[in-house]
Amino acid sequence: MASKQSAICISLLPKTLTDLREQLQNTQDADMIEIRLDKAKRLDLAGLDYGGKPCIATLRSKEQGGFWQGTTARYGIVAQAAIDAGISYVDIEYPLAKEVLPKLKLKKSGIVLSLHTEEKDPERLEQMFEEMCDVKADIYKFIFTADTLVDNLTALKLIQIARKKRVKYIIHAMGENGRLSRMLGAARGNAWTYVAREYSEETAPGQLSAYEAANHFFLNKKPDNTRILGLLGYPLVQSKGWRLHNLLIDRHITKKSDGSFLYTNFPSEDGAAFWENWSDNLHGLSVTIPHKETIAEFVDEPSNEVRISGVCNTIVRTTSGWAGHNTDLMAIEALLRPHREKLGNGGLIVGTGATARSAIAALKRLDINPIFVVGRNADRGKMLIETMGIDFLTEDEIHYANTSCVIQTTPVGMFPYVDKYPVGTSLFRKGRVVLDVVYNPAQTRFLRIAEDRGCITISGEEMFLLQAAKQFEIFTGKPISTEDVRSVWQEIT
């Protein structure tokens, strides 16, 4: 099949003709319109202004997750009326197809054969889809419910079956846990993606809004060979990286020869299990808490930054395997390098996590000594002593570290807990360099205290922008300036 793009289809659920006319006024972000008829007693679709957009007429029965309750004969009558009104497609439910389809006079309308099932077993779902494809239709719509992140993979497997059969399809999972499959489906050739006019008007659980689909994920610009990128971590509620990367992709990947990319979130508590399930379907990942060390174990080609830190926050598929990078380390090193002459008394790192390891490695590459780490986790502290050769301090011992710089690597102070700050402020003196890796907010309370005491402050936002620019280049093969990244970041924040 030739590569094609998925359309965005706004789904409307009017009760009256007046409702429908009003709802049609706000469909500018859509390529198509679905009119759900199951709440309307009578709705004449002829003569309405659809803005030149193709329309689908759908009568969704209660058995298939809708609201309509009526006879099969009446179902056929409503479907025929939509066809007679010149509708582009009419949605016919698979359980009714053998009785309804032979009686329809299709004229110019296409048939969307649809099935919404509560079945959970992946093998049974595949069998059901195979059976459904034995009935002749223009498009096969197959919908199930996702309970977990991994259930979205079932949608991708079903899409593979549809592509082998060379049929047109719309396959995704319902529910909030199936929201991801709607985006992945758009990137894997779904004929169109159903969206809500507004979040408050969703006609099925898990729908994106039309604006989000068109202007945040750009789903109607994604060909069916789009490469999948994302952020792996847990939790990811506050992350805005997906907004940044998708807008950068839309602005800076303009040539068809460069291909296309879709960036989304993958919230998973178990990094190893996620990798085992998902790696075959991915082009690259950004990695955040708590998986930066776990993912390093799956890298075939670790960069020097990964080797010296044991931390990987960026992984990308290459012709010879998975290449791992540590753009956090690169960014910290780049931000501290201009202040190197001021750092003769060494550095203190607050925190014992993966970002602390990146900061240790960055200080070592800049030949900054001594290096102290302060934290509550004594076991992690012992590990850092043994593997990275630093001095570990408890919070009560922090006064021993009379260092030239302080690097704050914990999530303390991140939105929404903006009034909190970790230990380390007792060391702030005029001229000392203070870096906080938290980027939301850009100026944390930790940095405000440092600024008030005359320190040289470096925002976590600067680190975020530097590492994001490097990630974009690693993922796409196209260099981008930090200022271009900053411009987009300011636009979305």
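The values are calculated or read from the model by the stated rules, or taken from the named source; none is laboratory data. Here the structure is a predicted model, which means the values were calculated and not measured. All Cβ positions, even for glycine, are placed from backbone atoms using ideal geometry, and neighbour counts span all protein chains on display.
Values computed for the structure shown
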| item | result |
| --- | --- |
| Identity of the residue in the range 343-380, in a helix (DSSP H, G or I) and in contact with a Gly (Cβ under 7 Å, 6 or more places away or on another chain), that ends up surrounded by the fewest Cβ atoms within 10 Å (Cβ to Cβ) | Leu363 |
| Conditions (1) among the charged types (D, E, K, R); (2) more than 35 Å from the chain's Cα centre (by Cα); (3) crowded, with 22+ Cβ neighbours inside 10 Å; number of the one not met by Asp436 | (2) |
| Condition met for Arg179 (surrounded by fewer than 24 Cβ atoms within 10 Å (Cβ to Cβ) and under 29 Å from Lys15 (Cα atoms)) | yes |
| Tally, over the range 257-287, of residues that are under 30 Å from Leu363 (Cβ atoms) and surrounded by fewer than 20 Cβ atoms within 10 Å (Cβ to Cβ) | 1 |
| Residue match in the range 185-192 (condition: modelled with pLDDT of 95 or more, assigned to a helix (DSSP H, G or I) and surrounded by fewer than 21 Cβ atoms within 10 Å (Cβ to Cβ)) | no |
| Flag if Val423 is free of Cβ contacts under 8 Å to residues at least 60 places away in the same chain and of a type in the set (Val, Ile, Thr) | no |
| Hits in the range 471-489 - residues which are within 19 Å of the chain's Cα centre (by Cα) and either under 19 Å from Val438 (Cβ atoms) or assigned by TED's automatic domain parsing to the domain that holds His252 (or both) | Gln471, Val485, Trp489 |
| Residue match in the range 142-149 (condition: surrounded by 19 or more Cβ atoms within 10 Å (Cβ to Cβ), over 26 Å from Glu212 (Cβ atoms), at pLDDT 95 or above and not polar (S, T, N, Q)) | no |
| Hits in the range 381-400 (condition: surrounded by 15 or more Cβ atoms within 10 Å (Cβ to Cβ) and under 25 Å from His325 (Cα atoms)) | Gly381, Met383, Leu384, Met388, Ile390 |
| Yes/no for Ser200 being of a type in the set (Gly, Ala, Ser), over 30 Å from Pro54 (Cβ atoms) and modelled with pLDDT under 95 | no |
| Criterion violated by Leu125 - all others in (1) within 23 Å of Ser6 (Cβ to Cβ); (2) not in a helix (DSSP H, G or I) satisfied | (2) |
| Residue match in the range 205-215 (condition: surrounded by fewer than 19 Cβ atoms within 10 Å (Cβ to Cβ), in contact with a helix residue (DSSP H, G or I) (Cβ under 8 Å, 6 or more places away or on another chain) and in the same structural domain as Thr27 (by TED's automatic domain parsing)) | yes |
| Members of the range 260-279 found to be farther than 17 Å from Met183 by Cα and of a type outside the set (Ser, Thr, Tyr), listed by number | Glu269, Asp270, Gly271, Ala272, Ala273, Phe274, Trp275, Glu276, Asn277 |
| Members of the range 298-314 found to be buried (at least 24 other Cβ atoms within 10 Å of the Cβ), of a type in the set (A, V, I, L, M, F, W, C) and assigned to a helix (DSSP H, G or I), listed by number | Val306 |
| Top-ranked residue in the range 51-74 [being buried (at least 17 other Cβ atoms within 10 Å of the Cβ) and among the hydroxyl-bearing types (Ser, Thr, Tyr); ranked as farthest from Gly86 (Cα to Cα)] | Ser61 |
| Wholly enclosed strands (runs of 3 or more DSSP E) of the range 381-491 bearing at least 1 residues at pLDDT below 95 and aromatic (Phe, Trp, Tyr) | none |
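So that you can scan it fast, the table gives a plain yes or no per residue for (1) surrounded by 23 or more Cβ atoms within 10 Å (Cβ to Cβ); (2) under 35 Å from the mean Cα position of the chain (by Cα):
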position	(1), (2)
Asp419	no, yes
Ser426	no, no
Lys430	no, no
Asn440	no, yes
Leu447	yes, yes
Ile458	no, yes
Ala468	yes, yes
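Let's see how each residue does on (1) without any contact (Cβ under 8 Å) to a residue 60 or more places away in the chain; (2) closer than 19 Å to Gly65 by Cβ; (3) in contact with a Gly (Cβ under 9 Å, 6 or more places away or on another chain):
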| site | (1), (2), (3) |
| --- | --- |
| Ile159 | yes, no, yes |
| Arg163 | no, no, yes |
| Ala173 | yes, yes, yes |
| Asp224 | no, no, yes |
| Ile249 | no, no, no |
| Leu262 | no, no, yes |
| Phe266 | no, no, yes |
